[in-house]
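The values are calculated or read from the model by the stated rules, or taken from the named source; none is laboratory data. Keep in mind the model is a prediction, meaning the values are calculated, not measured. Here the Cβ positions follow ideal geometry from the backbone for every residue, glycine too, while neighbour counts run over all protein chains shown. Areas reflect the complete protein model, heavy atoms only, side chains present, ligands, DNA and RNA absent. Shrake-Rupley method; radii C 1.70, N 1.55, O 1.52, S 1.80 Å.
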Amino acid sequence: EANEEALLTPQMLQYPAAQRNYYAMELFAEKMWDNKWSAQVSYTWSQSYGNYEGWVLSDNGQDDAGITQMFDSPALTHNTYGKLPNDRRHQVKAFGAYSVSPELTAGVNLLLSSGRPINQIGTNPNDLIASGYGASYLLVPRGSAGTTDWRFSADLAFAYRPKWAKDRLTVNLDIFNVLNAATATEVSEYKENSAGGADPTYGLPTSWQTPRYVRISVGYDY
């Protein structure tokens, strides 16, 4: 028997085109270093949306590059268009440095960022293939279930360059998250478990800001 080749297009299979869009507007101001102090401040409004995050899938933690479940079934692409996981609508950044003395310089780095979008993940019992994936289906349009809390971080830095070492020696002290902020950066997005029942962990934090820590380093220029 002669074999016949059938060509099925994505449209015939009801697969949408992969889309990932990013738009941003930044306002920026800077005071150049004058041997005494300098400062930078910026505000960024941005939007990241579509139905395709990229090589990985943050929805269910798939980090198998390029082989996520995204287009395994047309049903798994339902509700996937919306705010992508890396969408941070507002970000304010500020940096400053001040010469305390000819040997000591202090710096500060501030970040204020709005939260990431939240999804509602559950099951799809109405599709044979999608039902086999358990809780992997977006129950509502992507990123439409609110956002995590705003995040604020403040870092301090000190650099000591003693004159007796002819500016060759530098001792650095960096304090990250000096206020020890503990805002949740991610929450559980599983509205349903794999059996289709309500998941009691939905909305509970799963990741937080890195706690305050200190780094000391020494450098010497030959």
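Looking only at residues of the stretch 11-30 that are exposed (fewer than 12 other Cβ atoms within 10 Å of the Cβ) and in contact (Cβ under 8 Å) with a residue 60 or more places away in the chain, we find that the one that is farthest from the chain's Cα centre (by Cα) is L13.
Residues that are on the phi < 0 side of the Ramachandran plot, surrounded by fewer than 18 Cβ atoms within 10 Å (Cβ to Cβ), in a loop (DSSP other than H, G, I, E, B) and in contact (Cβ under 8 Å) with a residue 40 or more places away in the chain within the stretch 31-68 comprise W33, K36, N60, listed in sequence order. With the condition kept exactly as written, say whether any residue in the stretch 129-146 is of a type in the set (F, W, Y) and either in a strand (DSSP E or B) or within 30 Å of I175 (Cα to Cα) (or both). Looking through the stretch 129-146, at least one residue is of a type in the set (F, W, Y) and either in a strand (DSSP E or B) or within 30 Å of I175 (Cα to Cα) (or both). Considered as a group, the residues in the stretch 122-132 that are under 27 Å from G203 (Cβ atoms) and out of contact with any Leu (no Cβ under 7 Å at 6 or more places or on another chain) include one that is most open to solvent (accessible area, probe 1.4 Å), and that residue is N126.
Residues considered: T201, T206, T210. Of these, the only one that is under 18 Å from the mean Cα position of the chain (by Cα) and either assigned to a loop (DSSP other than H, G, I, E, B) or of a type in the set (G, A, S) (or both) is T210.
Listed here are the residues, each with its yes/no results for (1) in contact with a Ser or Thr (Cβ under 8 Å, 6 or more places away or on another chain); (2) open to solvent by 40 Å² or more (accessible area, probe 1.4 Å); (3) of a type outside the set (D, E).
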position: D149; (1), (2), (3): yes, yes, no
position: Y160; (1), (2), (3): yes, yes, yes
position: W164; (1), (2), (3): no, yes, yes
position: Q209; (1), (2), (3): yes, no, yes
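Confirm whether A159 is within 18 Å of W208 (Cβ to Cβ) and of a type outside the set (D, E). The answer is no for A159. The residue that is surrounded by the most Cβ atoms within 10 Å (Cβ to Cβ), counting only those in the stretch 81-107 that are closer than 22 Å to T185 by Cα and out of contact with any Pro (no Cβ under 8 Å at 6 or more places or on another chain), is R88. Within the stretch 180-198, restricting attention to residues that are over 16 Å from L139 (Cα atoms) and either touching a Ser or Thr at 6+ places or on another chain (Cβ under 7 Å) or part of a strand (DSSP E or B) (or both), the residue that is most open to solvent (accessible area, probe 1.4 Å) is E186.
If V100 passes every condition in (1) among the aliphatic types (A, V, I, L, M); (2) more than 30 Å from A17 (Cβ to Cβ); (3) within 25 Å of the chain's Cα centre (by Cα) but one, which one does it miss? Only one criterion in (1) among the aliphatic types (A, V, I, L, M); (2) more than 30 Å from A17 (Cβ to Cβ); (3) within 25 Å of the chain's Cα centre (by Cα) is unmet by V100, namely (3).
Okay, residues lined up against (1) of a type in the set (F, W, Y); (2) within 30 Å of Y220 (Cβ to Cβ); (3) at pLDDT 95 or above; (4) part of a loop (DSSP other than H, G, I, E, B):
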site	(1), (2), (3), (4)
L110	no, no, yes, no
A154	no, yes, yes, no
A159	no, yes, yes, no
D167	no, yes, no, yes
V178	no, yes, yes, yes
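Candidates are the residues of the stretch 124-140 that are free of Cβ contacts under 8 Å to residues at least 60 places away in the same chain and among the hydrophobic types (A, V, I, L, M, F, W, C); the one that is nearest to G197 (Cα to Cα) is A130.
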